[in-house]
Amino acid sequence: MVATNALDAGRRSPGRRESEGAAALSDKMPRLVLEARRVSSLLAHGLHGRRRAGPGESFWQFRPFVTGEAAARVDWRRSARDDRLYVREREWEAAHNIWLWIDRSASMGFVSDLASASKIERALVLGLALADAFVEGGERVGLLGLTRASASRGIVERLAQALVADPAGLTQDLPPRANPARFDEVVLIGDFLTEPDRIAAAVQNLAGRGSRGHLLMVVDPIEETFPFTGQAVLHDLEGGLSLDIGDADAWGARYRARIAEHRAALAAITRGQGWTLTIHRTDRPASEAALRLATLIAARGTE
């Protein structure tokens, strides 16, 4: 008999386990994929390639003062610690960003004993790992509706803190309204177990100004296979409803057909906006989905 469980609101927030898992996963991401996207973006759209000095607000580095520069550029506080003069450089900021949204609603707390992790744990690891890998590759990453896009080396901790400080996100099964810029990338990570019309409206809103996007659908194995027989009780984790089933085996055939219809609707929604759809099962390694997303985003940069 397959056992299932549902995590409460507190356990659907990221903690040390998810942060460490994300960092470990990002180390395995092939840097060549990110390098290809940086180069192609620079050539195709005149966007930034490597992180480098230029106009912006974020601190980048200290460098030695060069004779002939304006004295006003000297950072006297840093220079006082040494026998040389230093200039504080800021990071060059471009309009090209990667925006993440991670579904933390009640249905994401579902987990069966066929899975390697709950849906929310896997979604958090994937989102934070992608953020870390993209920043290492020179990109700027932010959370839709929560943070600015940043190239901070501590992006995993920064995004995790923002999620912890956002209890409202525990009740939202779709991303907030936002206006990403043209050529920005949007990555939505969730189970998307809601009405296709609502999902279509959310995607259309985010794609309205020409941003490009990706839906990463995280599913538990039994949500696809429904391996139950005999009597069963189904619980709606978000609506609070319950359904008694007398013949789970027969009901499962209809359930799997509905799942197939729902997937087809999601595929049509993303295809209509030029977005992509990736389905990731939680009994598979997280690196598979992370690599696919990185590859898709790299490929989009060559268009």
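The values are calculated or read from the model by the stated rules, or taken from the named source; none is laboratory data. Remember, predicted model here, so these are calculated numbers, not experimental data. Counting neighbours? That spans all protein chains shown, and the Cβs are built from the backbone with ideal geometry, glycine included. Accessible surface is based on the protein model in full, side chains and every heavy atom, while ligands, DNA and RNA are left aside. Shrake-Rupley method; radii C 1.70, N 1.55, O 1.52, S 1.80 Å.
Residues Gly145, Gly127, Gly137, Gly154: which one is in contact with a Gly (Cβ under 9 Å, 6 or more places away or on another chain) and not hydrophobic (A, V, I, L, M, F, W, C)? Matching residue, one of Gly145, Gly127, Gly137, Gly154: Gly145. Can Ile245 be described as at pLDDT below 95, touching a Leu at 6+ places or on another chain (Cβ under 7 Å) and over 20 Å from Ile120 (Cβ atoms)? Answer is yes for this residue. The residues listed here are Ile269, Ile259; of these, the one that is surrounded by 12 or more Cβ atoms within 10 Å (Cβ to Cβ), at pLDDT 85 or above, more than 20 Å from Ile102 (Cα to Cα) and touching a helix residue (DSSP H, G or I) at 6+ places or on another chain (Cβ under 9 Å) is Ile259. Scanning region 205-214 for residues that are of a type in the set (A, V, I, L, M) and surrounded by fewer than 22 Cβ atoms within 10 Å (Cβ to Cβ) yields one hit, Ala207. Filtering Val156, Val125, Val87 for residues that are open to solvent by less than 10 Å² (accessible area, probe 1.4 Å) and assigned to a helix (DSSP H, G or I) leaves a single hit, Val156. Identify the residue in region 263-288 that is hydrophobic (A, V, I, L, M, F, W, C) and touching a Leu at 6+ places or on another chain (Cβ under 6 Å) and, among all such residues, is farthest from Lys119 (Cα to Cα). Here the residue is Ala267.
Taking region 166-204, which residues are open to solvent by 30 Å² or more (accessible area, probe 1.4 Å) and part of a strand (DSSP E or B)? Within region 166-204, none qualify. Mind counting the residues in region 272-286 that are within 16 Å of Leu215 (Cα to Cα), open to solvent by less than 60 Å² (accessible area, probe 1.4 Å) and not β-branched (Val, Ile, Thr)? Result for region 272-286: 5.
Yes or no, residue by residue, for (1) of a type outside the set (Gly, Ala, Ser); (2) within 21 Å of Pro175 (Cβ to Cβ); (3) out of contact with any strand residue (DSSP E or B) (no Cβ under 6 Å at 6 or more places or on another chain); (4) open to solvent by 10 Å² or more (accessible area, probe 1.4 Å):
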site	(1), (2), (3), (4)
Asp103	yes, yes, no, no
Ala106	no, yes, yes, yes
Val111	yes, no, no, yes
Ala115	no, no, yes, yes
Lys119	yes, yes, no, no
Val141	yes, yes, no, no
Arg148	yes, yes, no, yes
Ser152	no, no, yes, yes
